[in-house]
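First up is the structure itself, then whatever we jot down about it.
The values are calculated or read from the model by the stated rules, or taken from the named source; none is laboratory data. No experiment lies behind these values; they were computed from the predicted model shown. FYI the Cβ positions are ideal-geometry reconstructions off the backbone, even for glycines, and counts take in every protein chain you see.
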Amino acid sequence: MRTKLIVANWKMNNTVPEGLKLLAALSREVRETKECEVVFCPPFTALFAMSEAIEETPFKMGAQNMHWEESGAYTGEISPLFLKDLNVQYVLLGHSERRQLFGETDIMVNKKLSQAIRQKLIPIVCVGETEKEHKEGTTFDVIDLQIKKALDGQQKTELAGIVWAYEPVWAIGTGKNATPEQAQEVIQAMRKSLAKITDVPTAESMRILYGGSVSDEKAKGFLKQPDIDGLLVGGASLIPQKFAAIIRATEAPQ
Ligand code: 13P
């Protein structure tokens, strides 16, 4: 049984006081997480204060990115060791905004994945097709290639339990989402690719999330799908009542 995972990606939103306020509001709404794990990925500047405050809650900490080296002359970058220092357990890798706006390549994602595994941070590797690719009908090929490149050269025995997120680029922040059935189809295909590259038990141990304009109203539809193990939420994670409703959607009868 894969435990459902609900991840808040705050992106470049929330100062430290704003982040703490949002966390406090959410922990008033959600006092325990019976059926799922909930992870917050605030901006780096809020990680320190958040990692202290989160100890009083049932939630966990994640980061939005990291560098693939432990230290060195990489001005402006964040080492995985800094994240571990702050009790960060999860890290988003290869988010489409990193890939599209900051030139992150599959090779960089591959190196980050190796380092995250080495540091025992749980990677959430993001993949997804652009609108053009979606229209051309190449979604499966694009995602298959992103997965292969991320896993190239990785030790198969180290891959159990890593997390993936299918985020169609055309669905991010646009209000347009894939239907639960479309997302299920892609995610099922992802699990098949993962089984081919690793093996069936390893692929079955990996959680695969859907992300892209997830709302409180739509959460349950995705969570009902057999291969969708959780949600990666942007905009709706900034509104406590909406995010709380998304968390509760994991508890509702399927
Ligand atoms: P939205 O939920 O705002 O579309 O963002 C999705 C996302 O990119 C989460 O990582």
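At a glance:
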| item | result |
| --- | --- |
| Every residue from the stretch 109-159 that is basic (Lys, Arg) and part of a helix (DSSP H, G or I) | Lys111, Lys112, Arg118, Lys132, Lys135, Lys148, Lys149, Lys156 |
| Residue match in the stretch 28-41 (condition: farther than 24 Å from Ser213 by Cβ, of a type in the set (Ser, Thr, Tyr) and in contact (Cβ under 8 Å) with a residue 24 or more places away in the chain) | no |
| Residue tally, condition in contact with a strand residue (DSSP E or B) (Cβ under 8 Å, 6 or more places away or on another chain) and surrounded by fewer than 16 Cβ atoms within 10 Å (Cβ to Cβ), over the stretch 45-85 | 1 |
| Residue, surrounded by the most Cβ atoms within 10 Å (Cβ to Cβ), within the stretch 131-147, restricted to residues that are out of contact with any helix residue (DSSP H, G or I) (no Cβ under 7 Å at 6 or more places or on another chain) and not hydroxyl-bearing (Ser, Thr, Tyr) | Leu145 |
| Ala73 in a loop (DSSP other than H, G, I, E, B), at pLDDT 95 or above and over 15 Å from the mean Cα position of the chain (by Cα) | yes |
| Checking Thr157 against (1) hydroxyl-bearing (Ser, Thr, Tyr); (2) touching a residue at least 24 places away in the same chain (Cβ under 8 Å); (3) away from the ligand (no atom under 16 Å from the Cβ), the condition it does not meet | (2) |
| Residue that is modelled with the lowest pLDDT, among those in the stretch 201-250 that are within 16 Å of the ligand (Cβ to nearest atom), among the hydroxyl-bearing types (Ser, Thr, Tyr) and surrounded by 18 or more Cβ atoms within 10 Å (Cβ to Cβ) | Ser213 |
| Residue tally, condition under 16 Å from the mean Cα position of the chain (by Cα) and without any contact (Cβ under 8 Å) to a residue 60 or more places away in the chain, over the stretch 216-225 | 2 |
